[in-house]
Structure formats: structure tokens, C-alpha cells
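Enquirer: One structure coming up, written as C-alpha cells, with questions to follow.
What follows draws every value from the coordinates through simple rules; no lab data is involved. Computed from a predicted model, the values in this text were never measured in an experiment. Positions of Cβ are generated from backbone atoms using ideal geometry, with glycine treated the same way; all protein chains shown enter the neighbour counts.
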Amino acid sequence: MRNTYMLVLLLSGCSMIAGGKASLGGESTSVPSSSKASAPSTVHASGSPDVGDTPDEIENPRKQTLEKLAKRIEAGEMAMYALESRREHAKLAFMEDRWREPSQDALVAKRLAVLDAIAFRKYPRVAANVGDGVRVREADEDAIEAAKKMVAACQSVASIRGSRDMGKELADKTAAYEKEIARVQKLDPNAFRYLGKSVDIPADMLSCEHGIAETSGYAEDRYIPETAESAPLEKRCAAVDFLIDGVQLGGGRFAAYTRTVGGRQAMEEMDCKKLAKQNKFPKAMTAAVKEVAEEVGLKLSEMTVVAKGAPYIEADDDDGRLHRYQIVTVYSKNFQIAGNPCGKGKVFCEAGGSRGATAFNMVEFAFERAAAHAGKDPDKCKKFLGEAKQQAEWFAKFREDAIKSKSWIAGATYKTKKGVKLPETEFVSAFAKKGKDAEEMLDNKYCRKPAK
């Protein structure tokens, strides 16, 4: 015995578009062409779809439920629409209700099919595979299982959240999802429209695609920091301090010095003329000096080592024994140091750690996203313009404070994420102008109309 849901669709079969089918075997049925609930082709000026009117013949409270569903579509609340549509389809298909009238079920089924078709058209993959939205109760078993895996792959895409590699993750998981779609297409396309007691593939796919749209929107609106490939290593004159030690053996004696784990300071570039010219360390430190040379990747002949200050004795935190420690400074003209990722000379950029360049890049990104949302999502547009204004105000204050504290480096050139190089005066002027432009755009209702 087939269920009530398919019987309802059979009862409404006389009003189907010519060539449409309705059968207990699960073949697809076309969207109804009669009644005021026919699928509309118009769109409101606001951009929301025209869902038409709910037929007066449908009685309350079911009419109210259908009208609520229509409002969900108009408001873009597709996740809630998918959930509530699924619930209504389940009622038609599985709930035994002796008070329900078959004629009312037929009208509700028709209206649901119309609303579903409108909802599905918002998402290309759903529209292409689910089509008119009419459910089927039978499909190839392997295809149904494949459809469930497809939904899981879809949900994997929708669940992606912010990370530096978000773009790649989104692309990889979307490719996996589309591979599952192709598998269902090959096994049995009816599975895209399958409705079972524990699964509603069209509703699940709709809800998930809505999630993907939100995830994609999040990815597009998320600023990705500028990074640079590792700058080529350059030979530089520099000095670096190392700590060496020898453990106490007893009788006032200490073991020969060895390299102390973790005892290394940051390298400091120096004027090559100021490097030490002659080694100054006792013979007991020779083994430790060889270890240091191996660590920095230099030959002994390429470096000069000088014992810094007098040795001192302390208890080691790990073994509790006394050790004799000595700081040694290594000087060399051949230290391998990464060059400026921004370019040669006094060029600053985000990848090199410049806070000003980073803020400028974020302002340019904010203008791009404001333009993308203008006339479509005014609130998001305003949010990005507000961020651009705030960044410009922050930079002006940051520069003012840096000049007062004499930490501002004058005469630099700033390289933007787009590769444009701006001398300091032009950079400062361009930053101020962008802040002023953002303020004016907020005041002249720029966000209410599409960007030119």
C-alpha cells in the first residue's frame, strides 16, 4: 500500500502541466499550473520573490501555515523554511488523521510544491537537481544512501568557519560535495526528491545550500592578511649571544663547557666595521664553540667568538646541580638573515609587519565589500564603510602618537596589498582621503543603491 501523500498528488493530477506524471511508483509530478498558487515569475523591487497568494479554498489553520511559509521565502529565512516545509510534507505523507479531508490535502500539496519550487530556484545546485520540488516516495536504494552522503558532504561545506586557508578548504569541500551530487545523478536522479520517514532530501539540501551561501558570504567578507613568500636569505654582519655551561664534578672542578639548551638571544645586525676581529675565549670552551658554529651553520674561520664578562655559577632548574655558565658572543659577516619581504630599502608593507600598511589594506578591502553590498544589503555596506572610517581615524592618531614619542620612521615608502608603492606623504594623504570618503558615503545614502 502506498501512502496518503502520493494519493493526494494523484488526486491533484488532473491539474498538472501537460506531460507531467503522478504515480504510486514514485515518478515525478510537475508543479500545478492552475489556481492562484501557480509558480510566479515576478520579483519584487526589493529583490525578494513574488510567492503569489495562498488559495482561498484552503482552510485555516493550514492556510495560515502556508502563508507563514511564503513569508519565510520573502524574508530569505530559508533554513526555517526548509524545516517547516519538511514538517508539512511529513504530515501529508505519514500522519494518519481521520479528520483530514483529501481535497484539502490536495490543495496543500499543490501549494507546497509551488513554494518549494520558488525556494529551490534561489540555489542553482538545488534547482538543477531537485527541480520543481515535488517529492517522490521511491528511488533506488543505493541512490538514497548516496543522497544522504551528498547531504553530509554539503553540511561539511556549510560548517566551514574562518581560517587563513578558508578559501582552499571551501574549494576542496565543495568539489567533494559536487562529486557526491554526480554520483546520485548517475545512480538515480529521483533520489534528489526522495521523502522518507527519517529523511527529506530536498529540504535537507535546501537548508544546507542556504548554509553554504552564508559561509561563502562570510568568506567573501573576511579580510585575509597579506603574507609573503619567505624572503631570500642574505649575508649580513651581525652578532648573537649564546650561553654555554659545564656541570660541577666535585672538588671545585667543572666539566668542559657545552652548548646550553635554549640559551640563545636574538640576532642583532651590526655595522661590519664594528665586528670583533679576534677570538677571546679560554681553551675549555672550544668544544662548546664548535657546537655553536654547527648550530649557526658557519665554519670556525667565518666567525669570531668572544667570552662576554666573567663566568657565573647557578643551580640548574632541571637537575638541581651547580653549573658554571658563560655568555659568548659570536660575530660574523656571513650570518644568513631573511631580507625585507616588502622590497629593498626602507619599504614597509603588511607582510613585513607594518601596522599602517595593514590598516590601509583593510580600508581598501572595506570599500570593495561596501560596493559589493550596496543596494543589496545596506546594513553590511554601512558596516564596512564604518570600519574604513574607524581605521583612518586610528591611523591618524597612531601616527600622531608615534611622532610625539619619536618612534615614527620618516621617509618610508608603503607598499599596499595591491602592489602600489606610496611615499610617506602620499600614503598619509591617501589614508586621510579614504576616511573622509567613507564618512561622506555614509551620509549620502550610498548603501541604498547599487554601486556604479
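Enquirer: With respect to the cross-link table entries 122/179; 344/421; 421/452; 91/122; 380/434, which display a Cα-Cα separation exceeding 23 Å? Kindly include the intermediate steps, with their values, before the conclusion.
Expert: On the way: 122/179 21 Å; 344/421 12 Å; 421/452 27 Å; 91/122 25 Å; 380/434 18 Å.
In this structure, 421/452; 91/122 exceed 23 Å between Cα atoms.
Enquirer: How many nm is it between the label spots at residue 197 and residue 333, if each spot is 7 Å from the Cα in line with the beta carbon?
Expert: Reported label-point gap for residue 197 and residue 333 is 8.6 nm.
Enquirer: Hey, how many Å between the Cα centroid of the range 404-452 and the Cα centroid of the range 170-218?
Expert: 43
Enquirer: Sticking with this structure for a sec: When only C-alpha pairs under 8 Å and at least 6 residues apart count, what is the relative contact order of the range 154-272, in percent? The partial results should precede the final answer.
Expert: Numbers: 103 pairs, mean separation 27.1, N = 119.
About 23 percent, as a whole number.
Enquirer: So which trypsin sites (Lys or Arg not before Pro) in the range 256-330 pass both tests, a DSSP loop state and at most 16 other Cβ atoms within 10 Å of the Cβ? Please list the in-between numbers first.
Expert: Numbers: sites: 259, 264, 273, 274, 277, 280, 283, 290, 299, 308, 321, 324; in loops: 277, 299, 321.
Here the trypsin sites (Lys or Arg not before Pro) that fit, given the DSSP loop and packing criteria, are 277, 299, 321.
Enquirer: Using DSSP to define loop residues, name the chymotrypsin sites (Phe, Trp or Tyr not before Pro) in the range 132-209 whose beta-carbon has at most 11 other beta-carbon atoms within 10 Å. Each step should come with its number before you reach the end.
Expert: Details: sites: 177, 192, 194; in loops: none.
Answer by residue number: there is no such site.
Enquirer: Might you report the magnitude of the Cβ-based charge dipole of the chain about its Cα centre, with Lys and Arg at +1 and Asp and Glu at -1, to the nearest 20 debye?
Expert: On the way: 72 positive and 66 negative charges, 324 e Å.
About 1560 debye.
Enquirer: Just for the Cα atoms in the chain, what are the lengths along the principal axes, largest first, rounded to whole Å?
Expert: The Cα atoms of the chain stretch 104, 59, 35 Å along their principal axes.
Enquirer: Would you work out which of 423, 330, 391 lies farthest towards the positive end of the dipole of the range 284-441? Charges go on Cβ: Lys and Arg +1, Asp and Glu -1.
Expert: 423
Enquirer: What length, rounded to one decimal in nm, is gained on full extension from residue 379 through to residue 216, with 0.36 nm per residue of separation minus their alpha-carbon distance?
Expert: On the way: separation 163, 0.36 × 163 = 58.68 nm, distance 1.79 nm.
Working it through step by step, the gained length comes to 56.9 nm.
Enquirer: Read phi for every residue in the range 367-377 and hand back ³J(HN,Hα) as whole Hz from Karplus 6.51 cos²θ - 1.76 cosθ + 1.60, θ = phi - 60°, with x for Gly and Pro.
Expert: Per residue, the Karplus-derived 3J(HN,Hα) values read 5, 5, 6, 4, 5, 5, 9, 4, x, 10, 9 Hz.
Enquirer: Treating only the Cβ atoms of Lys and Arg (+1) and Asp and Glu (-1) as charged, compute the dipole magnitude of the range 264-319 about its Cα centre; round to the nearest 20 debye.
Expert: Here the range 264-319 has a charge dipole of around 680 debye.
Enquirer: Given R₀ = 30 Å, what would the calculated FRET efficiency be for residue 227 paired with residue 448, taking r from the Cβ atoms and rounding to 0.05?
Expert: Working: r = 36 Å, r/R0 = 1.21.
Taking R0 as 30 Å, the efficiency between residue 227 and residue 448 is 0.25.
Enquirer: Which is farthest toward the positive dipole end of the chain among 60, 160, 408, measuring Cα position about the Cα centre, with Cβ charges +1 (Lys, Arg) and -1 (Asp, Glu)?
Expert: Result: 408, furthest along the dipole toward the positive end.
Enquirer: I need the Kirkwood Rh of the range 181-299: take the reciprocal of the average 1/r across all distinct C-alpha pairs and report it in angstrom.
Expert: Details: mean 1/r = 0.0456 Å⁻¹.
It is 21.9 Å.
Enquirer: Tell me, in nm to one decimal, what length is gained between residue 299 and residue 406 on full extension, where the rule is 0.36 nm per residue of separation less the Cα-Cα distance? Walk me through the numbers before you get to the answer.
Expert: Values: separation 107, 0.36 × 107 = 38.52 nm, distance 4.05 nm.
Result: 34.5 nm gained on full extension.
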